[in-house]
Amino acid sequence: MEFPQGVHVSVGSPLLIVTGVFLMLQATRMWVSRFLALPRSHSLSCGLAAGTAWVAVCAAYWAAFEPVPSARLTFALAWACTVAVLLSRRVSGLLDRVPLFWRVGVASCGFAAWPTTWRLLLRQRELIPLDWYASEWKSIAVMGLTALLVLTPAIVCGCLLCPALAPQRGVSANHEQTMSRRLAFWLGVALSWAVLPSTLFVRVSADQILTGVAGCLLLGAGVSLFLRGDRVTQSPQATAVPRPTPADQLALSPSVTGYPLVVLILNALLLGYSLEAANRTAEQLVLETLPLKFIGWAGCLLGVVTGMSFRLRGHETRQSVRRSLWFTAAAGTSVLVLYPLWIRMGLWSSSSLSAMPAIMAAKGFIVAGILSPLGLAAGLLLGCTPRRGWLLCLMGVGYALNTWASGPLAESQLLVACLCVGLLFTLWPLETWQQFARERRVNRLAGSLAMCGCLIAMAWGCLGWLNPARSAAVLFHGDSFVAAGRGYDLLTIEQAYRTRWLKTIEGENGVWTVWRHHANQLVVRRNGVPSGQMSIDTTLGPQNFWSVITAALPVVTHPQTDHVLCLGTPGLVEINTILGFPIQTLTCVEADRDARSIIEFQASLTEATSRLNDSRIEWVDATPMQFAASAANRQFDVIVCPESTAIPMRSQPRLTREFYTRMSHHLSDTGIFCQRINVEDLGAAPICDLMQCLQASFAQSSIVTTVGTELLLLGSNSREPLFDPSLIARLETPHMRRLCATVGGDWSMLAQLACIPSHQVEQMLARVPGSSNSCGNARFLLTVGSETLRWGPKWKEKLNLFANRAELVLKEAKLKETDEQTVARRILDAQERTRILTQTADDEWSYRTVLRDALKSRPRTTIQRVNKEIRQTLTADDKRRKEYLVALGKAARETKPSLAAIERIETFAEPYDPLVTDFVHFEVANLMQRAQDSDPAREYRHWMYCIAYAPEGDRSIRPVAAAMNLLKDHPEIEPDPAWRWDQYNLLLDVMRTRWSNRWQSGTPSKYDEADLQHSIEAVNGTLSAMNDLQPQAGLDRNAWQVQRRVWDESLVSPIRSRQGQVDTKSEMLQAVRQEWMRRNSELSEAKPTVPAAESK
């Protein structure tokens, strides 16, 4: 045989390869055998497998159910009761008689079949009547049955992997070994909960994880059977400890501990109650995501393992119970005392760390640090008696009680600490006190009493430290991260925070906080995350753009909207917007009573309570997923999901394929589904996952956006285009013009929205494939936490995803030529308005020339019959423009304009006109400065309209300075000191923004020198007025000093430095001019005079 040149083959090479493979197999068998010979290693690996499977099961469960009180209550009871039953003597004894190999096989089959069973059960939710969810007990019964059918099999399969379930009685080396193997199993569960959700589950879905765990368990069982032979299948009866004697049973019986049974019962209930309170406290410090939840419960489970390990070291039962009470009381007190420290750590992790693993570790440390002391207390309690099942049941009952009847967080922790200290006193009956005195152990007794007093005193003294509004203001605000990154401490950041807190509602589904931002904007936060924003008075500031568009766009796009469905937590803006259309019914689906309280509070501030009493509104007491799964045959023309946040767990069921499919069944044939999603912290992959779900559920799907931070996901059961040529006629209605004016724009802005149509979505998903998010794989729920915390070019990812795909709604509507010309002229007018306000600083009068040119160069005319003749006349809008110029000319020529002339000009502010409305307020404010009868309040509102409704790049200074001086000189404009204080802060913030825009533009203005002088005078006067107003506004003196320092550094000093530069520049120009004149005079004296023609 000939071989190619350069290749050398030896006859012994195959033999060497076979020998090497044999040796490798032998080495692998030896090391695996050694690993399996270690009981703790084997138990640890089984715990890792069980914990991984449980994470996948819980993720799939919470992807289908919102974490409402009934779901959380039944979830906790299912876990506690199932584990308690498995740990009971009879059940665990029966299970321990089954060989471990067969238990592993049953568990693997159960995990493999669970996804299929889960999907079958989800389809049966349509059998539940919708009105059952309105009843609290029926809702608990339904959720309890679901948890029993879904969670119990998974919990049983996981517990089957535990090597020794039965509690071994009697103190012996064999018992300690069994106990250590059991603790190693739970340690493996804790490690899987702490590590895998933020690492492995980011790339693998829940159903894939369950299938992989099932395969690994079968493979492991087969390998162990092959390597260990009959030792694996050996019955535990051969190695079980002898039946304990009555004396051994008496040694660990709870009745012999000297404590009454009620002490143990109350201790277990308090532990469960405190666990739920601590869990709700942790939600105020970190985002409510599944990986962070599991890290917290991993810390709690590690505490349980640590506490139970003390029993192996020979600690007395009485001492374990006493320590459990101590740690429970100390944990409740530490939550109150360390809350500011956790805020500092959360702020540091958000501002200083950039690597996602480091951020997850820091955030997880906060949650685990809160829950682990309670886990330690639970481990000490569970380790004091072999009957642990009923104690676990009682802990679950305590957890459910706090879920069902939750109270304020701080008071709950104080209650736990006080009750635990009270139970500590019950552990010392009269004979114990006598024994202490007899044995001269008074010092120890006095020390114990002193510690109890210190715990109560610390809990009572630090009660106000646990303030959810404090963490909401700092930990979920981007400006706080920037300030912390620049070196400011927490106290300075809090004192410089200028958003005013108004109300806090600590409800069953989270903590709601209401804030007043920029004096007129009402911001609602749920567990710190922004949930809605609205303007209290639209004459002083615009409404939130996306809140209005989310409700208005699908209603105005549909040719005939009669029935509207609103899913989730609607704000008052969405309700007012929808009810402003001529619809027949508005069905609002919301199960949270606190959300309705927030809406009523918003209505009370805006004096719009009558809207909530509209007969067209129907409230349904159910969650969006429950309503979607119901078998109701109602169909709607428009379905709106207004809640934009996609991060918390409560939002995840509304982002699944099952939810979209059921929504398509509730949608009419030509209906429109609209869902608002905030994707500012998300990259391209989650958007593709959501669009995969939407495309699989509706006949067509599209995206509407502006800059890519907020998306409107649109779906329809019809193949016809969403935007038809009749859209412009509906946009031009008086109602739509008034509605668009509340957000500071013209009706044409809806035609300028960027739309990614259905065919472009299909191409986008074909090039960037993504997996569909469903209740079975829970992909979005498992990845959204790490995606949010990930640092990277997310904006570029979305830009590349949407590049060359977006088209204007105007183009998608396929308008007629006349309609296109109408919209084009309207858009041109809006662009002229923006150009005037942004490029001609403090020269707003230039709009008059633009308005006259528009009437001359591009007049809009209509053909009408006048006196049996067909004439071409101006449209209504151009007629109003012409009349406005005439009325303005008459009023401007008056030395002291009359109130009637000014009111005549005010009438031209409506309906909205891009070249008239904004400038009407400017003209009226200037006219009122020299009017016969001054009205400061009226003048101030016109100045505020000019300031609040200006475009983003506005650089005008004089309106802001005029408003500052007016409010300073006439405090009667608003008698409320707090409101006036917020107005001052708003004007100072706008002044800083306007000067920043002017300096960054690089184009100097001819009014800079005068504007700098006006600004510094107005700012100094405002700060002086705030200094006098500070006690009445309810602001702390130290906080005002911090805010004053911030204004001096960010506003006063830059203006003064620029003013100094202008003064120096003027002096230099003056000196150059004088020198030139001197030299010119010298030259004129030295040279002879020349004729005028030659000089020319």
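Remarks
- Relative contact order of the stretch 625-756, pairs being alpha-carbon contacts under 8 Å that are 6 or more residues apart, as %: 23 percent
- Net charge, Ser471 excluded, C-beta distance under 14 Å - Lys, Arg +1, Asp, Glu -1: +2
- Couplings for the stretch 278-290, taken from phi via the Karplus curve 6.51 cos²θ - 1.76 cosθ + 1.60 with θ = phi - 60°, read 5, 5, 5, 5, 5, 5, 7, 10, 9, 5, 7, 10, 5 Hz in order; Gly and Pro are left as x.
- Angstrom value of the Kirkwood radius, inverse mean 1/r, which spans all Cα pairs in the stretch 542-814: 18.9 Å
- Loop trypsin sites (Lys or Arg not before Pro), the stretch 603-676 (other Cβ atoms within 10 Å of the site Cβ: 15 or fewer; DSSP): Arg616, Arg634
- Net charge over other residues, Cβ less than 13 angstrom from the Cβ of Leu927 (K, R count +1; D, E count -1): -1
- Residue pairs, from the table Lys856/Lys882; Lys856/Lys879; Lys138/Lys293, whose Cα atoms sit over 18 Å apart: Lys138/Lys293
- Straight-line reach from Lys968: taking Cα to Cα under 20 Å and skipping same-chain neighbours fewer than 8 places apart, the aspartates and glutamates in range are Asp933, Asp935, Glu939, Asp976, Asp982, Asp989, Asp1011, Glu1017, Asp1028, Asp1048.
- Put simply, the amide H of Tyr949, placed in the peptide plane, has no neighbours under 5 Å, leaving out anything fewer than 5 places away on its chain.
- HN-Hα J in Hz across the stretch 969-980 - Karplus 6.51, -1.76, 1.60, θ = phi - 60°, x for Gly and Pro: 7, 10, x, 6, 4, 9, x, 6, x, 5, 5, 5
- Loop GluC sites (Glu not before Pro), the stretch 537-612, which have at most 14 other Cβ atoms in a 10 Å radius of their Cβ (DSSP): Glu607
- Of the trypsin sites (Lys or Arg not before Pro) found in the stretch 60-110, those in coil by DSSP whose Cβ has at most 16 other Cβ atoms within 10 Å are Arg97.
- Under Karplus coefficients 6.51, -1.76 and 1.60, residue-wise ³J(HN,Hα) of the stretch 733-738 in Hz, glycine/proline x: 5, x, 5, 5, 5, 5
- Annotation: peptides 363-370, 954-961, 540-547, ranked by per-residue average of other Cβ atoms within 10 Å with the highest first, follow the order 954-961, 363-370, 540-547.
Only the coordinates and a few stated rules stand behind these numbers; no lab work does. The model shown is predicted, which means the values in this text are computed figures rather than measured ones. Positions of Cβ are backbone-derived with ideal geometry, glycine not excepted, and every protein chain shown enters the neighbour counts.
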